[in-house]
Every structure is written in structure tokens, then in C-alpha cells.
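The values are calculated or read from the model by the stated rules, or taken from the named source; none is laboratory data. Note that the structure is a prediction, hence the values are computed from the model and not measured. Here the Cβ positions follow ideal geometry from the backbone for every residue, glycine too, while neighbour counts run over all protein chains shown. With ligands, DNA and RNA removed, areas are computed over all heavy atoms of the protein, side chains included. Shrake-Rupley method; radii C 1.70, N 1.55, O 1.52, S 1.80 Å.
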Amino acid sequence: MNTSVVVEPPRPDVDPPEPYTFPEARRRTLPNGLDVVVYDVPGQYVHSVRVSIPLPLSREPRDTEGVATIMARTLDEGTANHSSSEFALLLERKGVALGAGASEAGISVDVDVAKRHLEYAMDLLRQALTEPSFPDAEVTRHVKQRLAEIEQERSVAAQRGAIELIATFFDASERSSRPTAGSRETVAAITRDDVVAFHSREVSPVGATVVLAGDLDGVDAFAVVEAALGGWTAPEGWEAPPQPVAARTAANRGRVVVVDRPGSVQTELVVAANGPDRRVEGGWSPYPVLGFVLGGSPNARVDAVLREEKGYTYGIRSIFRPRRRGGLFLTSGSVRGDVTVESLDILLTILDGARQGFTDVETKQGVDYIAMTAASRYATADAIADEAATLAFEGLTTEFTTETLRDLADLDAERLGDAYGRFADGEWTVVVVGDAGAHVDGIRALPHAAARDVTVVSG
């Protein structure tokens, strides 16, 4: 009989993981004023190219708001040397994905392509940026598509709520109070001449940023970018956009607006307050954690009650959404129509109650989630390029993201509570998209400041 004792070897010490660190960026500014940022991401053989052109929507003419969106969407609809169909075939020939859009920060152009076709794709990007032809038929088609989108946006409760929110939250004189891609009246007025004039007046390499991420082994990244875009020049008479400022909010934003949808069996709730931009004093790191703790998981404060305990919703989410200057704190989601008033009461009570602070357990859960999922969030070249391009609009680099992730280690419950209290002051802008006849009297009876001023608008 074997009576020997098996001795287990000592277990090695396991250190906690280090915070995620972005790949090192290399930077260069071309003679034409274009900033170039490249990331070598070994093994990522689909390269991602992002172009960020800072361009506030306030530069759009008031009567053709949405022209930036139409311009962006038609950049690839033909160039000086290729018709729209020819350019589409050139993209398809080597699997080049090219898209563009407009936001409150500016114009974004995205390209994704296999590494071996990078130079080919960069030349197509050059053509789209510097010599688009904007065929009249294509501009007209995109205008019609945008008009159809507007009708669809009004029919979807979440989108209708978002439109009403910005109209209520921001001062009516601010561009931010109106849809980014324009309204029915302004989009319908857009012509090819408007698009051509906007592009020739506003689209410049000066202050713009090109981000290239992917496996750069054997690739002279700066040479490739300069060969394609080094000849891009600013329009004659071009003026740099002014430094961004935070949009003014409406003097009466602390109220409830009910968008009437008679007979609706579901209600969309949107609650908003002022929020910070990424340059906020004290650091940005508390704000993603706050979004998670309040409305980022089934165990978050809001869903723990409205979803898990009550069964009133599939999920309500909270997020701090930074802008170039200033920002928004948003909490939104849908609930059963028959529990609209109770749900809104619970939601506002939770948001107000959070000003009393957060627990150490909640703080640790939020910190762990944001910190430990960073590696997977930024695991691909396109995710790295997207982050760099987004930050470029704000004059920041991905060193900011690395520093924010490292700062999480010093985030405690007290600091989290202080950060929340700076912006969640109880002056909530509330939009309710649902059956006004069934809910308005109950909302007006709620013991919350916003419920003292309740307005009903047509859905």
C-alpha cells in the first residue's frame, strides 16, 4: 500500500492586472496642416483609417441645416474622374468600406481595408475628400432619404423623445436644440449648389486629423498618408472655426414635456441634466463609472428596482455624454404604459437619492467593469482608430484614455459622489412619450420639481 504523501507545489503569486494601456501613437503634422496619428497593431490586417474634421454645425446656414450631413453622405457618390456607379465599383473591387457622417463635433470619414490595399484605398479617400462631384441626382436622392428618415424618427418613440429633449433642454437659439441632420423644412431646401458651396467653403485639412491603425509591419504609414493627402489644401478664404463653447441651456429646462401618443401601451422616458466634457476638473474617470452604477447593468440602481424588482422595463440606461464643451447626463428607456407615473416617480427618486452618495461595493463594481473590459473594448484596430478620432475632435489623444483608466485605481465612493453632485442638481428635463390622457394628471401630482411644469405636445 502506497502511503506516500503528495505535496502540492506552492502556488505562484498572481499580481492584479495592470490597467489597459493604448498602443503607442506616432504623430506628425503635414505641411498642409493635417495631423497624422498612426498605431501599429500587430496581427490586425484590416487597416482602419479615420478622418476627423472639426466643424461645428453652427457653420451651416440656418435655412439649410442638415447640409453637412447631406454633404458627408454624398462624398462617395462620384468624383471629378468617376461617376457614382464607377466609384462604387472601385470601392467594391478591393473591398474598401468608406462612409462619412456629421455630428455636433464635425465631419467624420471612415475607411476600412485589407492591409495590402491600403494605398489603393487612400487614393479613393483622397478623391472623395478633395474632388467630390456631388451629382445632382445623388444629392436629390440623399435629400429624399433624409426626409424619409425624419418621418421614421418621429414614429419611433426613443427617437421622438430625443428630438423633444434637445428642443426642451437647450436654448432655442442654439444649433444644439435642433436635429443634427436637419429638420423637414431645412433639408427639403437643400440643393446641389448648397452642398458644393458648403464643401468648398468649410472642408479643410488645417486642424483635421487622420488616424491610421493596423499591422504596420513593412508599411511606411506617414509616407502613405502624405502621398494621398499631402496635396489637400484649404479652400481659398477659409477661416478656422472658433473655439468651441458649451451650448446654452433653456431657462425653463427643469420641466416635463409629454409627447402625446394616444393609446400607446409603452412609454419612453428620457431624463436629462447638465454633464461634463472630458476636460472636467477632477478628471473624467468617475463619469463612466457613474453611468454603470446608476444604469449600466441589471444590478444597477435603476434596473435593480424597475426591472428586477418591479418588472416594469426591459432596461433603462444612464450615460454621461460629453460634447466638445459641456455635456449631458442622460437616463432613458421604455416602461409599460400602465405603470408610467409610478415608474417616473421611482426613476426620479433614485436619481435624486444618488446625491446622498454611493457605497464602496457599488464603486468597486463600477471601477472593475470599466477597467477590466477596456482591453476587449479596444482589442481591434477599428476600435483604437475610433477612440483616437473621437478624442481628436476635442483636442485630446489616446493618452487621455490611458490616464483615465489608470485614474480609476484612485476612485473611491466619496469622489464618485462628489462628481455626481456637481451635475445632478435636481433640475431634471423630463420627456415622456406616451398616452398623455392616461398619464398627465398623475405626473402633475408627483412630488418632484420638474412635475410642477408639465406641457403636452403632439406626437
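State yes or no: is A167 in contact (Cβ under 8 Å) with a residue 60 or more places away in the chain, of a type outside the set (V, I, T) and surrounded by 16 or more Cβ atoms within 10 Å (Cβ to Cβ)? If you could, list the steps in order and put the result at the bottom.
Numbers: in contact (Cβ under 8 Å) with a residue 60 or more places away in the chain: no; of a type outside the set (V, I, T): yes; surrounded by 16 or more Cβ atoms within 10 Å (Cβ to Cβ): yes.
No; evaluated as a whole, the condition is false for this residue.
Collect the residues in the range 305-336 that are of a type in the set (V, I, T) and in contact (Cβ under 8 Å) with a residue 60 or more places away in the chain, keeping them in residue-number order.
T331, V335
Contact list please: Cβ distance under 6 Å, first residue in the range 10-28 and more than 18 Å from D386 (Cβ to Cβ), second residue modelled with pLDDT of 85 or more and open to solvent by 100 Å² or more (accessible area, probe 1.4 Å), pairs at least six apart or on different chains.
Sorted first by the residue in the range 10-28, then by its partner, the pairs are P19/R406.
So which residues in the range 75-99 are surrounded by fewer than 22 Cβ atoms within 10 Å (Cβ to Cβ) and not in a loop (DSSP other than H, G, I, E, B), if there are any at all?
S84, S85, E86, A88, L89, L90, L91, E92, R93, A97, L98, G99, listed by residue number.
Filter the range 68-124 down to the residues that are without any contact (Cβ under 8 Å) to a residue 40 or more places away in the chain, in contact with a helix residue (DSSP H, G or I) (Cβ under 7 Å, 6 or more places away or on another chain) and within 30 Å of E174 (Cα to Cα) and list them by number.
Hits for the range 68-124 are A100, G101.
Residues L165, L147: which one is assigned to a helix (DSSP H, G or I) and over 25 Å from R324 (Cβ atoms)? So that I can check it myself, show each step before the final result.
Numbers: L165 fails: over 25 Å from R324 (Cβ atoms).
Selected residue: L147, the only one of L165, L147 that is assigned to a helix (DSSP H, G or I) and over 25 Å from R324 (Cβ atoms).
Would you mind finding the one in T380, T349, T363, T455 that is under 20 Å from the mean Cα position of the chain (by Cα), of a type outside the set (G, A, S) and either farther than 15 Å from L290 by Cα or open to solvent by less than 70 Å² (accessible area, probe 1.4 Å) (or both)? Steps first, answer last, please.
Details: T349 fails: under 20 Å from the mean Cα position of the chain (by Cα); T363 fails: under 20 Å from the mean Cα position of the chain (by Cα); T455 fails: under 20 Å from the mean Cα position of the chain (by Cα).
The conditions single out T380.
Given the conditions (1) touching a Ser or Thr at 6+ places or on another chain (Cβ under 6 Å); (2) without any contact (Cβ under 8 Å) to a residue 60 or more places away in the chain; (3) within 30 Å of S84 (Cα to Cα), report the number of the one that V139 does not fulfil.
For V139, the failing item is (2).
Just to check your reading of the model, which residue among A300, A273, A304 is aliphatic (A, V, I, L, M), in contact with an Asp or Glu (Cβ under 7 Å, 6 or more places away or on another chain) and not assigned by TED's automatic domain parsing to the domain that holds A158? Reasoning before the result, please.
Numbers: A300 fails: in contact with an Asp or Glu (Cβ under 7 Å, 6 or more places away or on another chain); A304 fails: in contact with an Asp or Glu (Cβ under 7 Å, 6 or more places away or on another chain).
Step by step, each of A300, A273, A304 is checked, and only A273 is aliphatic (A, V, I, L, M), in contact with an Asp or Glu (Cβ under 7 Å, 6 or more places away or on another chain) and not assigned by TED's automatic domain parsing to the domain that holds A158.
Please specify each residue of the range 201-210 satisfying the condition of being closer than 18 Å to A128 by Cβ and assigned to a loop (DSSP other than H, G, I, E, B).
Residues satisfying the conditions are V203, S204, P205, A208.
Within the range 46-64, take every residue that is assigned to a strand (DSSP E or B) and of a type in the set (A, V, I, L, M) and give me the one that is farthest from the chain's Cα centre (by Cα).
V46
Before we move on, is V367 of a type in the set (V, I, T) and without any contact (Cβ under 8 Å) to a residue 24 or more places away in the chain? Step through it out loud before you land on a result.
On the way: of a type in the set (V, I, T): yes; without any contact (Cβ under 8 Å) to a residue 24 or more places away in the chain: no.
Judged against the criteria, V367 is not a match.
State whether one or more residues within the range 417-429 are open to solvent by less than 20 Å² (accessible area, probe 1.4 Å), under 17 Å from the mean Cα position of the chain (by Cα) and under 27 Å from P16 (Cβ atoms).
Scanning the range 417-429 turns up no residue that is open to solvent by less than 20 Å² (accessible area, probe 1.4 Å), under 17 Å from the mean Cα position of the chain (by Cα) and under 27 Å from P16 (Cβ atoms).
Kindly establish whether V203 is open to solvent by less than 60 Å² (accessible area, probe 1.4 Å) and assigned by TED's automatic domain parsing to the domain that holds V46.
Numbers: open to solvent by less than 60 Å² (accessible area, probe 1.4 Å): yes; assigned by TED's automatic domain parsing to the domain that holds V46: yes.
It is true that V203 is open to solvent by less than 60 Å² (accessible area, probe 1.4 Å) and assigned by TED's automatic domain parsing to the domain that holds V46.
Do any residues in the range 147-158 that are in the same structural domain as T191 (by TED's automatic domain parsing) have Cβ atoms under 8 Å from those of residues that are at pLDDT below 95 and open to solvent by less than 60 Å² (accessible area, probe 1.4 Å), where the two are at least six apart or on different chains, and which pairs are they?
R154/G459
Of all residues in the range 403-455, which are part of a helix (DSSP H, G or I) and of a type in the set (F, W, Y)?
Once the filter is applied, which keeps residues that are part of a helix (DSSP H, G or I) and of a type in the set (F, W, Y), the range 403-455 yields Y420, F423.
What are the residues in the range 187-200 that are in contact with a helix residue (DSSP H, G or I) (Cβ under 6 Å, 6 or more places away or on another chain) and either in a loop (DSSP other than H, G, I, E, B) or on the phi > 0 side of the Ramachandran plot (or both), if any? Outline the logic, then answer.
Looking only at the range 187-200, we keep the residues that are in contact with a helix residue (DSSP H, G or I) (Cβ under 6 Å, 6 or more places away or on another chain), and these are 187, 189-190, 192, 194-195, 198-199.
Result: A189, I190.
Open to solvent by 10 Å² or more (accessible area, probe 1.4 Å), modelled with pLDDT of 95 or more and outside any loop (DSSP other than H, G, I, E, B): is that true of E119 in this structure?
Numbers: open to solvent by 10 Å² or more (accessible area, probe 1.4 Å): yes; modelled with pLDDT of 95 or more: yes; outside any loop (DSSP other than H, G, I, E, B): yes.
Criteria met by E119.
Looking at L411, L391, which one is among the hydrophobic types (A, V, I, L, M, F, W, C), at pLDDT 95 or above, in contact with a Pro (Cβ under 9 Å, 6 or more places away or on another chain) and crowded, with 19+ Cβ neighbours inside 10 Å?
L411
When residues of the range 216-246 are filtered for being small (G, A, S), under 24 Å from R59 (Cα atoms) and over 28 Å from the mean Cα position of the chain (by Cα), how many remain?
1
Considering the range 109-125 alone, what residues qualify as being within 16 Å of W232 (Cβ to Cβ) and within 19 Å of the chain's Cα centre (by Cα)?
Result: V109, V111.
Identify, from the list A375, A371, the residue that is assigned to a helix (DSSP H, G or I), among the small types (G, A, S) and surrounded by 14 or more Cβ atoms within 10 Å (Cβ to Cβ).
Working: A375 fails: surrounded by 14 or more Cβ atoms within 10 Å (Cβ to Cβ).
Testing whether each residue is assigned to a helix (DSSP H, G or I), among the small types (G, A, S) and surrounded by 14 or more Cβ atoms within 10 Å (Cβ to Cβ) leaves just A371.
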